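Participant: First the structure, which I've put down as structure tokens, then a few questions once you've had a look.
The values are calculated or read from the model by the stated rules, or taken from the named source; none is laboratory data. Note that the structure is a prediction, hence the values are computed from the model and not measured. When we count neighbours, we look across all protein chains shown, and the Cβ atoms used for this are built from the backbone with ideal geometry, even at glycine.
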Amino acid sequence: MANLDVIVLGLGGMGSSAIYHLAKKGVKVLGVEQFTEAHSLGSSHGKTRLIRKAYFEHPDYVPLLHRSYELWEELEKESAQKLFHKTGLTIFGRPDSPILMGIKNSRDKFQLTLNELNLEQSQEWNSSFKIPNSFIGLQEPGAGFLEVEKCISAHLKIATQMGAQLRFEESCLSWGIEGEKVWIQTKTEKITAKKLVITAGPWTSLLLKDLNLKLQIHRVTQFWFRKKDRSTVNHIKSCFAFDMPYGFVYGFPPYSGSRDFKIAIHKPGEKIRNLDKLDRKIKPQDIGELIPFLSAVMPEIDPNPTEGSVCMYTMTPDEHFIIDRHPNFDQVLFAAGFSGHGFKFSPIVGRILSELVIDNSSKDLTRFIKLRPEVLSSIA
Ligand SMILES: Cc1cc2nc3c(=O)[nH]c(=O)nc-3n(C[C@H](O)[C@H](O)[C@H](O)COP(=O)(O)OP(=O)(O)OC[C@H]3O[C@@H](n4cnc5c(N)ncnc54)[C@H](O)[C@@H]3O)c2cc1C
């Protein structure tokens, strides 16, 4: 552990990418993770994550997505495995829906490929779905899904090949500054390095108490379903989403021999004040609005899920990310508050963090993902 350059604290979606980029740049780096590799106790599990470029959340994300797409492709080549399934994604909603208008806004600003469904394509969807009459569909052919746990493991594997050291099942209890350096205290050891990168997901506020960050943790669920008639052929090979009055429902087609559609609502659930008390068991009421959705829009699906999983969102008040340097300690960088839409960005987030560590700046660190007044209650 002597002469470490950087410690990366938390090896989930963002930390696994940060350590990969740092190791690739020849930095002597140690990753510390409280649980096991690609575990299912944080925010980066559940087999799949959507990835898309026509970003309704804000067009400023599109340049970051261009770079993320390139980096996912690079990681696939380096790890010699498929991580990104370019199935396409069709988002359905009323023409005046803010989500659909946001998608078109990003398309227009960045000339993205996006097709409004024609009659024939709509009929094809209607052979399996019951699309509400007032809805139109916007299809993004280059979108799709990432295999979330495989992505984390791929980043970590390449990082170790480049010399990074990893410690699992080792929790950081505290950290501090000593002269120019920074230390972390685990159960067994005090480890010192030149810099610290905190990518602790829902646990971030516990490690950055002095910043009083406005981060709210929410319990969210994801489910897997099968068709009622298991003998029928599945025509849907693409990801899909519906802007319904009760929330943004999204889904993934079965893949790699599975028969299960994953379906979930992108909506922060119950607020979690104590992470140790998070109820990780699926309850019957968790399925909530998915039942009316399935009966109205996907009547061929059996509403009894084959599987369900509890996950967490870490929300900022404006739902944009925080990636920056600690305002009081130059040696400490952090990335948090991914507000339920961060995974697709993990390669670029890791690269931004590595640039902040090595070059002290990153051209990709835009105004709205920096540490900003809206996300700080007050700086102690
Ligand atoms: C159900 C669900 C669906 C989602 N769907 C999408 C989607 O379709 N597309 C998309 O882009 N995003 C999606 N997201 C959001 C995305 O998954 C998250 O934004 C992203 O994975 C967050 O990554 P993270 O690294 O910040 O957190 P995590 O992956 O949780 O990583 C934090 C890590 O830090 C570790 N840690 C914390 N404290 C300590 C400590 N003291 N010592 C050691 N280790 C510590 C934790 O154990 C954990 O491994 C979804 C999220 C959920 C929950």
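Participant: Looking at (1) under 16 Å from the mean Cα position of the chain (by Cα); (2) under 30 Å from S134 (Cβ atoms); (3) not charged (D, E, K, R), which is the one condition that is false for W72?
Facilitator: (2)
Participant: Moving on to the next point. Which one of these does E355 not meet: (1) assigned to a loop (DSSP other than H, G, I, E, B); (2) farther than 19 Å from G201 by Cα?
Facilitator: If we test E355 against (1) assigned to a loop (DSSP other than H, G, I, E, B); (2) farther than 19 Å from G201 by Cα, just (1) comes out false.
Participant: Tell me which strands (runs of 3 or more DSSP E) are completely within segment 62-160 and hold 1 or more residues being more than 28 Å from P292 (Cβ to Cβ), or say none if there are none.
Facilitator: Correct list: 144-147.
Participant: Which members of segment 77-100 meet the condition of being over 25 Å from E124 (Cβ atoms) and either without any contact (Cβ under 8 Å) to a residue 40 or more places away in the chain or not acidic (D, E) (or both)?
Facilitator: Scanning segment 77-100 gives K77, S79, A80, Q81, K82, L83, P98.
Participant: Could you grab me the full set of residues in segment 4-36 that are assigned to a loop (DSSP other than H, G, I, E, B) and either surrounded by fewer than 24 Cβ atoms within 10 Å (Cβ to Cβ) or more than 6 Å from the ligand (Cβ to nearest atom) (or both)?
Facilitator: Matches in segment 4-36: K25, G26, V27, K28, Q34, F35, T36.
Participant: Just checking, does segment 132-141 include any residue being within 27 Å of the chain's Cα centre (by Cα) and within 16 Å of the ligand (Cβ to nearest atom)?
Facilitator: yes
Participant: Just the residues that are crowded, with 19+ Cβ neighbours inside 10 Å and modelled with pLDDT of 95 or more, please, taken from segment 104-130.
Facilitator: Passing the criteria: S106, R107, L112, L114.
Participant: Quick check on I184: is it in a strand (DSSP E or B), within 26 Å of N274 (Cα to Cα), within 15 Å of the ligand (Cβ to nearest atom) and touching a helix residue (DSSP H, G or I) at 6+ places or on another chain (Cβ under 7 Å)?
Facilitator: no
Participant: Being buried (at least 20 other Cβ atoms within 10 Å of the Cβ), under 19 Å from F92 (Cβ atoms) and at pLDDT 95 or above, is that true of even one residue in segment 266-283?
Facilitator: No, every residue in segment 266-283 fails to be buried (at least 20 other Cβ atoms within 10 Å of the Cβ), under 19 Å from F92 (Cβ atoms) and at pLDDT 95 or above.
Participant: Which members of segment 306-338 meet the condition of being in a loop (DSSP other than H, G, I, E, B), more than 22 Å from H155 (Cα to Cα) and within 14 Å of the ligand (Cβ to nearest atom)?
Facilitator: Scanning segment 306-338 gives T316, E319, H320.
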